[in-house]
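All remarks here apply to the structure that follows.
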Amino acid sequence: MTANTTPTTAFTELMAYQRDTEALAQVAGRLGWDQEAVMPRGAAEQRGEELAAIEGVLHARRTDPRLADWLERATADGPVAEAQLRQIRRDHVRATKIPARLATEIARVTSIAQGTWAEARRNDDVAHFLPTLERVVALRREEAAALAAGGDLYDALLDDYEPGATQASIGAIFDAMRPRLVALREAILGADRHPAPLEGRFPPETQMRLARELASAFGYDWNRGRLDLAVHPFSNGSGNDVRITTRTVEEEPFNCFYSTIHETGHAAYEQGIDQAYLLTPLGQGCSMGVHESQSRIYENQLGRSRPFTAWLYDRMTAHFGPLSTKDAEAFYAAVNRVQPGYIRTEADEVHYNLHIMLRFDLERQLFAGKLEAAELEEAWNTRFQQDFGVAVDKPSHGVLQDVHWSLGLFGYFPTYSLGNVYAGCLMQALRAAVPDLDASLARGDTAPATRWLRETLQRHGRLRSPRETIAAACGFEPSEGPLLDYLEAKFGEIYAL
Ligand code: ZN
């Protein structure tokens, strides 16, 4: 590029360069999908090298000195171009703080760590995972220190997943949520009425047929996606290749159905982004918290609502024959049964955020240097006993249950609860915007809801900051109030509190 390049040319050149970076990032993401969905176990070490190599290429592109030059010259023609430049600058500034050696080492180690964690979890063997976990924590501490440049390490990590969020802002929301959640939990556990669970055996192939129906009911575009099995359900990709995964447990069909709806929510967000943003920095969900608001509102506020479960009850009866729950009302209560359990991903809406608060506090201590990887198991078990009133019986029910720490995803967990908070706000706004929502949900028709979400939120991708995105969709500033009101009303009724 020459000194007399015009601002418009600089913008065009920058966006063309960025498009290749975005395409390569999609390729790296798809390797991640492959790793969890279909890769043979023996390929773990090789995949680590492959991912490290592509991370090296991405890091070099994001730190390329030409970027600074383009960013200085390019001028934005309107808010969309401004947002594009803001995101590219953000990625560039972040990447230049991280040495290339560290970026590729993190990619290599966390790729291999996943296999080690999976093996440790299978065998309930914390000691097997500990050296790997210590290495991952050390690498992420080093990275956080580079990013924070003297500031708070955990805040630096949070900013990756939820731009603008800090542990103080998230801590304040959690502090406001905790007393009402604990009071609701106590009231439910002490209630006279407890719904019966759904019992029986549900063949996995039939579960998968209904799972596909559910994804379709929530508007999943099969022409630009696919559904596979994975140990830990996830979604992957942006634009025109957005994949989802689910799992089947013969005695627990809700596990499969609600994982599928959850991942469909993530996928619908990505599939719903304006095609003009394809392979640009705006062509993806704007933060993990906003992403989770989509998966959660699909899964819980819509999917676990009374009218939608009435439709699901009919569909389950059609697929599996008569159920153990005698009618749609008993089925609704079974879907929403509250029970203290070990596993976050299987937690009901009341307990879920307590699981997150536990992880949030442990992570903060870990990155404040007040806790070491070797002490995590004991700290986890102590806290779990306090919060849930049950002793952890084995590591796969405790510190080893989630994949996140093996992947180095520290600072990610709190975005799940933020997603719940955002979903609560969005549901309040959605109810006001679509007054006859329940009538369509009772027919298994989610279109009025998903259309509203697409229009007000999904199509904008990363155009705005996370809080602005939610505020623009809702018409009010997000807070924990609507979620807590919703939970108290819903479960107060189910449990006759
Ligand atoms: Zn999710």
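So for region 334-343 (the condition being more than 26 Å from Leu189 (Cβ to Cβ), more than 15 Å from the ligand (Cβ to nearest atom) and either in contact (Cβ under 8 Å) with a residue 60 or more places away in the chain or of a type in the set (A, V, I, L, M, F, W, C) (or both)), does at least one residue qualify? Write out each step before concluding.
Within region 334-343, the subset more than 26 Å from Leu189 (Cβ to Cβ) is none.
No.
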Scan (1) outside the structural domain of Arg47 (by TED's automatic domain parsing); (2) farther than 30 Å from Arg464 by Cβ; (3) touching a residue at least 40 places away in the same chain (Cβ under 8 Å) for the single condition Ala183 breaks and write down its number.
-> (3)
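Each row is one residue, and each column tells you yes or no for (1) surrounded by fewer than 17 Cβ atoms within 10 Å (Cβ to Cβ); (2) in contact with a Gly (Cβ under 7 Å, 6 or more places away or on another chain); (3) without any contact (Cβ under 8 Å) to a residue 40 or more places away in the chain; (4) not acidic (Asp, Glu).
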{"site": "Asn123", "(1), (2), (3), (4)": "yes, no, yes, yes"}
{"site": "Val126", "(1), (2), (3), (4)": "no, no, no, yes"}
{"site": "Phe129", "(1), (2), (3), (4)": "no, no, no, yes"}
{"site": "Leu133", "(1), (2), (3), (4)": "no, no, no, yes"}
{"site": "Val136", "(1), (2), (3), (4)": "no, yes, no, yes"}
{"site": "Glu143", "(1), (2), (3), (4)": "no, no, no, no"}
{"site": "Leu153", "(1), (2), (3), (4)": "no, no, no, yes"}
{"site": "Tyr161", "(1), (2), (3), (4)": "no, yes, no, yes"}
{"site": "Thr166", "(1), (2), (3), (4)": "yes, no, yes, yes"}
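Quick test for you: out of Glu251, Glu329, Glu292, pick the one residue that is modelled with pLDDT of 95 or more and closer than 30 Å to Ala25 by Cβ. Walk me through it before giving the result.
Working: Glu251 fails: closer than 30 Å to Ala25 by Cβ; Glu329 fails: closer than 30 Å to Ala25 by Cβ.
Exactly one of Glu251, Glu329, Glu292 is modelled with pLDDT of 95 or more and closer than 30 Å to Ala25 by Cβ, namely Glu292.
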Quick one: would you say Tyr486 is on the phi < 0 side of the Ramachandran plot and surrounded by fewer than 23 Cβ atoms within 10 Å (Cβ to Cβ)?
-> yes
Top-ranked residue of region 224-247 - restricted to ones that are more than 14 Å from the ligand (Cβ to nearest atom) and of a type in the set (Gly, Ala, Ser), ranked as farthest from Leu279 (Cα to Cα) = Gly225
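When you look at Gln294, is it within 16 Å of the ligand (Cβ to nearest atom), under 14 Å from Gly219 (Cβ atoms) and touching a Lys or Arg at 6+ places or on another chain (Cβ under 8 Å), yes or no? Outline the logic, then answer.
On the way: within 16 Å of the ligand (Cβ to nearest atom): yes; under 14 Å from Gly219 (Cβ atoms): yes; touching a Lys or Arg at 6+ places or on another chain (Cβ under 8 Å): no.
No.
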Report, by residue number, each residue of region 197-245 that is over 21 Å from the mean Cα position of the chain (by Cα) and on the phi > 0 side of the Ramachandran plot.
-> Gly200
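Might you check whether a residue that is of a type outside the set (Phe, Trp, Tyr), touching a Pro at 6+ places or on another chain (Cβ under 8 Å), surrounded by fewer than 24 Cβ atoms within 10 Å (Cβ to Cβ) and more than 23 Å from Arg467 (Cα to Cα) occurs anywhere in region 230-246? Walk me through how you get there before you give the answer.
First pass over region 230-246, keeping only residues of a type outside the set (Phe, Trp, Tyr): 230-233, 235-246.
Retained after the next criterion (residues that are touching a Pro at 6+ places or on another chain (Cβ under 8 Å)): 244-246.
If we keep only those that are surrounded by fewer than 24 Cβ atoms within 10 Å (Cβ to Cβ) as well, we get 245.
Remaining after also requiring more than 23 Å from Arg467 (Cα to Cα): 245.
Checked region 230-246: at least one residue is of a type outside the set (Phe, Trp, Tyr), touching a Pro at 6+ places or on another chain (Cβ under 8 Å), surrounded by fewer than 24 Cβ atoms within 10 Å (Cβ to Cβ) and more than 23 Å from Arg467 (Cα to Cα).
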Of all the residues that make up region 248-267, how many are in contact with a Ser or Thr (Cβ under 6 Å, 6 or more places away or on another chain) and either more than 16 Å from the ligand (Cβ to nearest atom) or free of Cβ contacts under 8 Å to residues at least 60 places away in the same chain (or both)?
-> 7
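Does Glu329 fit the bill of being within 16 Å of the ligand (Cβ to nearest atom) and among the charged types (D, E, K, R)? Don't jump to the end; show me each part of the working.
Details: within 16 Å of the ligand (Cβ to nearest atom): no; among the charged types (D, E, K, R): yes.
Considered against the rule, which asks whether it is within 16 Å of the ligand (Cβ to nearest atom) and among the charged types (D, E, K, R), Glu329 comes out as no.
Each row is one residue, and each column tells you yes or no for (1) closer than 30 Å to Ala83 by Cα; (2) not hydroxyl-bearing (Ser, Thr, Tyr).
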residue: Asp436; (1), (2): no, yes
residue: Pro448; (1), (2): yes, yes
residue: Thr456; (1), (2): yes, no
residue: Glu468; (1), (2): yes, yes
residue: Ala472; (1), (2): yes, yes
residue: Glu480; (1), (2): yes, yes
residue: Glu493; (1), (2): no, yes
residue: Ala496; (1), (2): no, yes
Out of region 74-90, which residues are in a helix (DSSP H, G or I) and modelled with pLDDT under 95?
-> none
Filtering region 193-247 down to residues that are part of a helix (DSSP H, G or I) and of a type in the set (A, V, I, L, M), which residue is nearest to His319 (Cα to Cα)?
-> Leu210
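Would you check if Ile273 is within 16 Å of the ligand (Cβ to nearest atom) and more than 20 Å from Arg209 (Cα to Cα)?
Considered against the rule, which asks whether it is within 16 Å of the ligand (Cβ to nearest atom) and more than 20 Å from Arg209 (Cα to Cα), Ile273 comes out as no.
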Which of (1) away from the ligand (no atom under 16 Å from the Cβ); (2) part of a loop (DSSP other than H, G, I, E, B) does Cys286 not meet, given it meets every other one?
-> (1)
Counted residues, region 32-71 - those being surrounded by fewer than 16 Cβ atoms within 10 Å (Cβ to Cβ), under 26 Å from the mean Cα position of the chain (by Cα) and touching a residue at least 60 places away in the same chain (Cβ under 8 Å) = 2
Using the structure shown, decide if Arg209 is more than 15 Å from the ligand (Cβ to nearest atom) and buried (at least 16 other Cβ atoms within 10 Å of the Cβ).
-> no
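The values are calculated or read from the model by the stated rules, or taken from the named source; none is laboratory data. Predicted model, so just to flag it, every value in this text is computed and none were measured. For neighbour counting, all protein chains shown are included, and Cβ atoms are generated from backbone atoms with ideal geometry for every residue, glycine included.
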